[in-house]
Amino acid sequence: MIVVAGYLAGYLNYHQNVSSLPFLLTNPLLPAIYGTASLYLRRKLTGKYRIRSTSDVTTLLGVSLIAALAAAAAGTAVLVWSGELSAGNYAQAAFNWWIGDAVALSSLTPFLLEFVLPWCRRYLGFAGAEETPPAAKSSGMNRAEILESSGFLASLAFLLYLAFENNFARSAHLFYLFFLPLIWIAIRRGLRGVVVALILVDSSLAVMMRVAHQGMEDLAVIQFLMLILAVTALTLGSIIGERKKVEQRLADEEERIRLILESTAEGIYGVDVHGVCTFVNQAALRILGFPPASKSSA
C-alpha cells in the first residue's frame, strides 16, 4: 500500500513520467528504507512502541536521522542518474532532502507514536492496547493548565510575529527564542507535552515560511532550527519525565514503608546521628502513653 501510495503521489502530485527512473526506482526505494528503519525501531522501543525513556528518544532520533540520510542520498543519486540533476548539485540537493525529511520525522513521528498509534491499536483490538499512561487518564484540564496552555499559544504567536514580521529580529536571527516556550513545556508537562508543543511550533514555522517567502539562506537556518528544537525538546522532555517517574516511585515506596510501620503492633522509632527522634509509629506513642498523632504530624 505504501509503494502504491508513492506511485500515486509521484503521478498525481509531482507529475512524474511513469516511465522515468525517478518514478520507477524512487517510489519503491523510499518505503524500503523507511520500512527497514521502522522494523528496527519496533524491536527497540519499549512500552508498546511508545517513547518512554531517554534511550527511546535517542534511538528514535538516531534511526530517523540515519534513515533520512540514506533516503536522501539514494533518491538524489537516482535523480543524477536519470539526468534530472547535475552531479555538481548532488551534495546540496541531498542535504536539502535530508534536512526536510529529518525535521518531519523528528517532530511528526513522536506525535504519531504517542497519540495516534495507541488509538489505532485500541481500535484494532490489540492485546494490551487499552493501557493508557497515567498522564493521559485525567479528564479535562484544570484552570491552571488552561491558563498555562493559553500562555504557551500566546508566546508562540508573539515569537512568530517577532521572527517573521520584525526586520531587526530577522536580521539578528532571533529564532533561538523558540527554545524558551518548549523548555517551559518540557519542565511542566514532560515528554507528552513536548510532543504536542513541538507539532504546534514546527507547523507554525512551516506556515510562516510559506507566507513570509523566506530566502534560501533563511530557509536553511529555519530548517536547522526546527531540527535542533526537536532534538533538544524531546531529550529534555524525556529526562524530566524519567526524573518525575523516579520521584513518584520513591514517594510510593516511602508511603508503603510508612503503612507497614504504622500497622505493626511493636513500637518503632528512629533517631538521627545527633540523637534527635525523626520517626515514631502509633504503637510506640501508645506504649509511651502519648496521644495518637495525625497522619500529617506522624
**Q.** Residue in the stretch 157-173 that is of a type in the set (Gly, Ala, Ser), modelled with pLDDT of 85 or more and open to solvent by 40 Å² or more (accessible area, probe 1.4 Å) present
**A.** yes
Q: Output the residues belonging to the stretch 73-95 that are among the hydrophobic types (A, V, I, L, M, F, W, C) and assigned to a helix (DSSP H, G or I).
A: ALA73, ALA74, ALA77, VAL78, LEU79, VAL80, TRP81, ALA87, ALA91, ALA93, ALA94, PHE95
Q. Could you give every pair whose Cβ atoms fall below 7 Å, whose first residue belongs to the stretch 107-132 and is part of a helix (DSSP H, G or I) and modelled with pLDDT of 70 or more, and whose second residue is among the acidic types (Asp, Glu) and surrounded by 10 or more Cβ atoms within 10 Å (Cβ to Cβ), counting only separations of at least 6 or pairs across chains?
A. SER107/ASP202; ARG122/GLU130
Q: Pick out the one residue from GLU217, GLU255 that is modelled with pLDDT of 85 or more, loosely packed, with under 15 Cβ neighbours inside 10 Å and of a type outside the set (A, V, I, L, M).
A: GLU255
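For the stretch 261-268, indicate whether the set of residues that are at pLDDT below 90, outside any helix (DSSP H, G or I) and of a type in the set (Val, Ile, Thr) is non-empty. Full working, then the answer.
Let us first name the residues in the stretch 261-268 that are at pLDDT below 90, namely 261-268.
After this cut, where a residue has to be outside any helix (DSSP H, G or I) as well, the list is 264-268.
If we keep only those that are of a type in the set (Val, Ile, Thr) too, we end up with 264, 268.
Looking through the stretch 261-268, at least one residue is at pLDDT below 90, outside any helix (DSSP H, G or I) and of a type in the set (Val, Ile, Thr).
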Q: For the stretch 276-298, name all the residues that are part of a loop (DSSP other than H, G, I, E, B) and either open to solvent by 100 Å² or more (accessible area, probe 1.4 Å) or modelled with pLDDT under 85 (or both).
A: ASN281, GLY289, PHE290, PRO291, PRO292, ALA293, SER294, LYS295, SER296, SER297, ALA298
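The values are calculated or read from the model by the stated rules, or taken from the named source; none is laboratory data. This is a predicted model, so every value here is computed, not measured. Every residue, glycine as well, gets a Cβ built from its backbone with ideal geometry; the counts of neighbours run over all protein chains shown. Accessible surface areas use protein heavy atoms only, side chains included; no ligands, DNA or RNA. Shrake-Rupley method; radii C 1.70, N 1.55, O 1.52, S 1.80 Å.
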